[in-house]
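The structure appears below as structure tokens.
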Amino acid sequence: MAKVELPNLEEPEEIRAKTFTKRVALTTAIFAVLLAVTSLGGNNAMKDMLLSQQQASDQWAFYQSKAVREHFYKTNGLRIEADLFERGTGMKPAAKKLYEAMLKDMRAEETRYGE
């Protein structure tokens with residue numbers, strides 16, 4: 001059978017009596033509290049940094065999509081203008097009127113996105 005070692009009953013009293021041990025324990029507890037508070041502050045700063053980075057990324061994506069739409073309307077306006085130039089004299093008046101209205105809309109949208 002294995003021998004079980006019983007703790008010495010006087011040992012905890014010796015440890016409690018030592019002031020150095022108390023000071024070390026208190027210092028360790030204070031450092032633990034300070035590190036916990038610092039860790040929370042660091043986590044909050046990291047969250048703020050990530051949020052601002054996401055907002056900057058969103059702003060850049062908005063700018064890019066706006067530029068893409070502007071180029072879309074510009075190229076479609078140029079295509080309609082080329083169609084009008086190529087087939088303008090031989091087109092029916094209703095079709096020509098429709099093309100001119102589409103060209104006007106494309107130019108208006110291009111101007112709106114350009115601002």
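The values are calculated or read from the model by the stated rules, or taken from the named source; none is laboratory data. Source: prediction; values computed, not measured. So basically every Cβ, Gly included, is an ideal-geometry build from the backbone, and we count neighbours across all protein chains shown.
General remarks:
- None of GLN53, GLN59 is at pLDDT 90 or above, within 30 Å of GLU109 (Cβ to Cβ) and under 29 Å from the mean Cα position of the chain (by Cα) except GLN59.
- LYS47 vs. criteria within 16 Å of the chain's Cα centre (by Cα), free of Cβ contacts under 8 Å to residues at least 24 places away in the same chain, over 30 Å from GLU115 (Cα atoms) and surrounded by 10 or more Cβ atoms within 10 Å (Cβ to Cβ): yes
- Any hit, the stretch 25-45, residues being aromatic (Phe, Trp, Tyr), at pLDDT 85 or above and under 25 Å from THR111 (Cβ atoms): no
- Close pairs from the stretch 92-108: first farther than 10 Å from ILE80 by Cα and free of Cβ contacts under 8 Å to residues at least 12 places away in the same chain, partner surrounded by fewer than 15 Cβ atoms within 10 Å (Cβ to Cβ) and polar (S, T, N, Q), Cβ under 7 Å, at least 6 apart: none
- Single residue of the stretch 86-115 satisfying the filter (of a type in the set (Asp, Glu) and part of a helix (DSSP H, G or I)) that is surrounded by the most Cβ atoms within 10 Å (Cβ to Cβ): GLU110
- Of all residues making up the stretch 74-98, the number that are within 30 Å of GLN64 (Cβ to Cβ) and of a type in the set (Ser, Thr, Tyr): 1
- Of all residues in the stretch 70-85 being among the aromatic types (Phe, Trp, Tyr) and farther than 11 Å from LEU103 by Cα, the one that is surrounded by the fewest Cβ atoms within 10 Å (Cβ to Cβ): PHE85
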